[in-house]
Amino acid sequence: MPVRSDRLFGPTVLEVAGGVLYTVPAGRLAIVKSIRVVNITDATARFSLAIGSLNWQNAVAWELPVMGGSVLLDSGWWCLEQEEQLHGSSSSTDDLVITASGALLVL
């Protein structure tokens, strides 16, 4: 059976306080194939992503800069188990918008 890519979440504004961006549904495995982060301001902002709690030990990206008016595109191919969460945060309020695409597989 072919596996097709689809948007997993977003576009979502990254918050300074951080938060859950995506939770894998029960009975599924998620493959995050790409992350797109858009900086909608003129100033450089930083973002972090982590699987599980938002700290550097769980980071898949930590304090990465995105210049003003730029787009960062990453091909991650990260596997997330059922009910795992992807957390994210930004260094400034309402500057960065994130979207992720990938595939959901039935366990």
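The values are calculated or read from the model by the stated rules, or taken from the named source; none is laboratory data. Keep in mind that this is a model prediction, so the values were computed, not measured. Backbone-built Cβ (ideal geometry, glycine too); neighbour counts: all protein chains shown.
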Exercise for the section: Among the residues of segment 1-37, write down those that are among the charged types (D, E, K, R) and surrounded by 13 or more Cβ atoms within 10 Å (Cβ to Cβ). Expected result: 15, 28, 33, 36
Problem - Unmet criterion (only one of (1) under 15 Å from residue 9 (Cα atoms); (2) modelled with pLDDT of 95 or more; (3) over 12 Å from the mean Cα position of the chain (by Cα)) for residue 46 - result: (1)
Fill in the blank from the handout: Subset of segment 54-107, residues within 22 Å of residue 24 (Cβ to Cβ), more than 13 Å from the chain's Cα centre (by Cα), part of a loop (DSSP other than H, G, I, E, B) and at pLDDT below 95, comes to 55, 107
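Return the residue satisfying two criteria in turn: it lies in segment 38-82 and is acidic (Asp, Glu) and surrounded by fewer than 15 Cβ atoms within 10 Å (Cβ to Cβ), and of such residues it is nearest to residue 105 (Cα to Cα). Don't jump to the end; show me each part of the working.
Quick first cut of segment 38-82, residues acidic (Asp, Glu) only: 42, 63, 74, 81.
Retained after the next criterion (residues that are surrounded by fewer than 15 Cβ atoms within 10 Å (Cβ to Cβ)): 42, 63, 81.
On the way: 42: 39, 63: 30, 81: 10 Å.
Per the criteria, the residue is 81.
Out of 40, 51, 35, I need the residue that is β-branched (Val, Ile, Thr) and either in contact with a helix residue (DSSP H, G or I) (Cβ under 7 Å, 6 or more places away or on another chain) or without any contact (Cβ under 8 Å) to a residue 12 or more places away in the chain (or both). Which one?
On the way: 40 fails: either in contact with a helix residue (DSSP H, G or I) (Cβ under 7 Å, 6 or more places away or on another chain) or without any contact (Cβ under 8 Å) to a residue 12 or more places away in the chain (or both); 35 fails: either in contact with a helix residue (DSSP H, G or I) (Cβ under 7 Å, 6 or more places away or on another chain) or without any contact (Cβ under 8 Å) to a residue 12 or more places away in the chain (or both).
It is 51.
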Exercise for the section: For residues that are within 15 Å of the chain's Cα centre (by Cα) and either closer than 17 Å to residue 63 by Cα or of a type outside the set (Gly, Ala, Ser) (or both), tally how many sit in segment 1-16. Expected result: 10
Exercise for the section: Please enumerate the residues belonging to segment 1-51 that are within 18 Å of residue 92 (Cα to Cα), among the charged types (D, E, K, R) and part of a strand (DSSP E or B). Expected result: 36, 46
